Each structure stands twice: as structure tokens, then as C-alpha cells.
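For reference, the structure is listed below as C-alpha cells.
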Amino acid sequence: MAVTPQQPVQPHQTPQPQQRIALEQLDIKSLSKDKIRDLFRQGKLPTADQIVEEILMRAVQEGANDIHVEPIEGEMQIRFGHEGTLRRVVSLPSDMNDSVISVLKSRATMNQFEKKKPQEGRYSAMYGAESLDFRVNVIPVLSGERCLVRLLRKTASISRIEDLGFGRENLKRFRTLLRFPRGLLLVTGPSGSGKTTTVYAAVNYVASPEKCVITVEDPVEYRLPYASQVHLPPDKSFNFIDALRAILRQNPNIIMVGEIRDAETGIVAGEAALTGNLVLSTMLADDAIGAIHRLLNLGVPAYWLASTVVGIVYQLLIRKICPNCKEEYQLSPEELQMVGAPMESSDLKLFRGRGCPNCMGTGYKGRVAISEIVTISPALRDMIFQKESILAMREEASNCGFQAIRQDAVRKALSGITTLNEITRVLG
């Protein structure tokens, strides 16, 4: 069975509104493949373009962050990613995979005939009054091609650093780091942990009419009226390194680099910091101290890193309790141990979400950042230069008031913001 796609939507165009489709009628979990084939023969099956449009529309309406199109044995599973968890939407017949992926490739201006190599693309569209960017990534897998569509809302406003979820002490540390006139400040964490949001909020905090702000990004996610923003071209005619070296000739005060991915970008960002600029950037890492060793392992010289880095923020996103169905409960002995309370504190109570239509029965609504922040002291700077172990660096950071991310998470649970179950899900 093949589903022929309609005329594809061109990039940066608004898709034409289409009649809503009951995807559940095509779900092989509730309807047999033979019945779906009968519908196809009768001409009652929607086209691949209509199916894709319905999936995208539902994702936008539900506030999903991404869409997973995954061919597995005998089916093509569609799941929505929302607030760090996945929810199955529908399982379509596996022979629809090629047609659905073809429509997504066409919209994102990718090669529809290339099925043996990973591809990336993007396009923009309006859904109602909302403008969105769709980033499409396709990789070949055993049963066909797997596709991830990330939804980026252009209407989202830049957060204030006070609204990011930093605890009182961490907010104080972050503000102190942002007062440095020069140096490299890194915001780290895994993919999808809100690093870019934090960096934008930081740039917004330090920017002023007296300062020259230049950013280099791939792509530009927010428009900054007070900054010159460099967008890296899709044809790779120049990259972060080329852009950074050109920016240094523009006499900036504050530079934002989208992401440090390799040693050369790290070295040039460090060079920018050494020449009297405050440089803010993001990087993938699994904790704040670990980011130092990751840069060293990438090939950034120890003397270069020790001379430039002023601080490192590590953050994750954790779900908040739904305010509509929030309820109090008494802790179990295991939970008392987790928060470090004595066993005799049997009257200690926390909060959780009961589950309601407002939170789709999950008990959670919205997310907040949990974080740990390392300020580079003179002793820690010397340890970076000597390439000391992570354990030794963590001990020195603790002597200077460093608190691990789990402590921040537990404080948020005790404050009724999140739950211990959610902390276990995110931190283990």
C-alpha cells in the first residue's frame, strides 16, 4: 500500500487549512491493517500530506516540543515529546512511512531520494496566529527512516534571569558572574535542557545602550533589538570560527556564541574573552565540573582554559506540579531518606499532582530549571592549569560554596514546586 503525497508545502509558506482527520481511524492498535487497506481501496484514506498536517496541527495545539516518527516492526509509531516525556499518539501502518517522511523532507527542502544518509532541514509556518520554526532531522534505521521534528515558537519571549528557576544562592552567583567585564561564561547541560533560553536571558540582563552586543548562532532563535546577530548560512560557507574571528574586528563588549562544539571554537571563544570581551556560550556536558574536562578532552589547551573561563552553569529542566490538582501527602520512609530528613519526621509532608484534564492526567504542568553553578576561584584556576582530577576540582569547588544540582532539586520539592518522583526520573 502506498499513499501518494499532495503538492508539498514550500518552505516559509503557511500550509493551507485542511479538514481535520480522525487519526484514530488509522491506528493499527484499534483497526486491522486489512480494514485500513479496504479504506484505501475505497478512496477513504487521507493523503500523506493531510496526515502530516493533522499531526503537526495536533502537536501545536497540545504544546508539544517535538514529534517522533519512528518505524518499528510492523508499524510507524507517532509520539509527541512534551516537558521531557513522550506520549504515543497513533501507530500507522508501516507502509505509510516512506510517504509521510517524503512529505516532511519536501517541506524542509531535503533530498527525498537520499535514504542512506542522515539529513537536516528546517522551514517556517503559521498555525492560527502562532508563527513556528520546524527543524526536521531524518536518519536511516533498520525499518526505514526515523524523523524528529522540533517545534520552535517564534512568539516566545525572552525570560528574565529571575524567572528561570534559580534558587536564591544560585541566582546571586549567576548575577555575580554576569558582572565580570571579560571572561568566558558557559551554560551547559544535555540537549533540550534550556541552555539557549538561559544564555538569551543572560545577554538580556547585561546588555545596555553603552555596550556593543554581537551574537553568532545557528540558527537565530530570538530577535534582539539591541544586538547584531550573525546567522550561520545553511551552505556552510562560513562557520562559528570564521564568524568569531570577524566579530573580534568589530570591537564588541559582549559576544554570544550559540554552541562550543570543538576545540577550535573553544580556543577562538577564549581568545575573544582574553581580548576584553564577556563571552557567553553553551556546551553539552553532564555536570558543571565535567564541562572543564570535556573542554580539555576536546583539545582546548589547559593554559588557555584556565586563563579565560570565569564560571560554569549546569542545568536540567524538571516538571512542576500542576497547580490545578496539587495535593499534600505524607512522605514514606524511603522519601524521608531521599530528602535527608530523620526517620522520626513522620509528619513531614510534600506535594504532588493528582492528575486532571488541565495536565492531561500527568499531575505536572510546565517546567523549571534546576542548576548548579561553579565560580572559578584562583585555586580552581590553578587546578585546571594542572589538569587535576574531577574529584579534586569538585572538592575545591565545594570549599567555595558549590552545591550540587540534586540539592537544588530537593529544595524545589520541599518548596512544593516539584515531586521526589520527578527528581528520581531526571537525576536517577
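Annotations
- Some residue of the range 93-105 being in contact (Cβ under 8 Å) with a residue 12 or more places away in the chain, in the same structural domain as residue 45 (by TED's automatic domain parsing) and within 22 Å of residue 154 (Cβ to Cβ): yes
- Contact map, the range 399-418: residues that are within 13 Å of residue 372 (Cβ to Cβ) paired with residues that are in a helix (DSSP H, G or I), Cβ distance under 6 Å, separation 6+ or inter-chain. Pairs shown: 406/427; 409/423.
- Residue that is surrounded by 14 or more Cβ atoms within 10 Å (Cβ to Cβ) and in the same structural domain as residue 210 (by TED's automatic domain parsing), where the choices are 146, 175: 175
- Residue match in the range 11-31 (condition: within 30 Å of the chain's Cα centre (by Cα), within 18 Å of residue 138 (Cα to Cα) and at pLDDT below 80): yes
- Checked against the criterion of being in a helix (DSSP H, G or I) and under 19 Å from residue 150 (Cβ atoms), the candidates 54, 24 yield just one match: 54.
- Test for residue 168: is it over 20 Å from residue 213 (Cβ atoms), surrounded by 15 or more Cβ atoms within 10 Å (Cβ to Cβ) and of a type in the set (D, E, K, R): no
- Failed condition for residue 97, given (1) of a type outside the set (A, V, I, L, M, F, W, C); (2) buried (at least 19 other Cβ atoms within 10 Å of the Cβ); (3) more than 28 Å from residue 235 (Cβ to Cβ); (4) in contact with a helix residue (DSSP H, G or I) (Cβ under 9 Å, 6 or more places away or on another chain): (4)
- Answer from 408, 382 - the residue that is in contact with a Ser or Thr (Cβ under 7 Å, 6 or more places away or on another chain) and either at pLDDT 95 or above or within 26 Å of residue 324 (Cα to Cα) (or both): 408
- Subset of the range 149-164 that is surrounded by 16 or more Cβ atoms within 10 Å (Cβ to Cβ) and at pLDDT 90 or above - its residue that is farthest from the chain's Cα centre (by Cα): 161
- Given (1) at pLDDT 90 or above; (2) within 24 Å of residue 166 (Cα to Cα); (3) not basic (Lys, Arg), index of the condition residue 338 fails: (1)
- Out of 246, 269, sole residue that is surrounded by 19 or more Cβ atoms within 10 Å (Cβ to Cβ) and either assigned by TED's automatic domain parsing to the domain that holds residue 178 or out of contact with any helix residue (DSSP H, G or I) (no Cβ under 9 Å at 6 or more places or on another chain) (or both): 269
- Boolean, residue 232 is surrounded by 18 or more Cβ atoms within 10 Å (Cβ to Cβ) and within 22 Å of residue 135 (Cβ to Cβ): yes
- Index of the failed condition, residue 169 passing every other in (1) of a type in the set (Asp, Glu); (2) touching a Gly at 6+ places or on another chain (Cβ under 9 Å); (3) outside the structural domain of residue 280 (by TED's automatic domain parsing): (3)
- Considered as a group, the residues in the range 60-76 that are charged (D, E, K, R) and buried (at least 16 other Cβ atoms within 10 Å of the Cβ) include one that is nearest to residue 147 (Cα to Cα), and that residue is 70.
- Residues in the range 79-94 that are small (Gly, Ala, Ser) and over 14 Å from the mean Cα position of the chain (by Cα): 2 in all.
- Residue 132 hydrophobic (A, V, I, L, M, F, W, C) and outside the structural domain of residue 374 (by TED's automatic domain parsing): yes
- The lone exception for residue 104 - which of (1) assigned to a strand (DSSP E or B); (2) at pLDDT 90 or above; (3) surrounded by 14 or more Cβ atoms within 10 Å (Cβ to Cβ) it fails: (1)
- Qualifying position, being surrounded by 17 or more Cβ atoms within 10 Å (Cβ to Cβ), over 24 Å from residue 121 (Cα atoms) and touching a residue at least 12 places away in the same chain (Cβ under 8 Å), among 55, 51, 36: 36
The values are calculated or read from the model by the stated rules, or taken from the named source; none is laboratory data. Small disclaimer: the values here were computed from a predicted structure and weren't measured. Here Cβ is always computed from backbone atoms with ideal geometry, including for glycine, and neighbour counts include all displayed protein chains.
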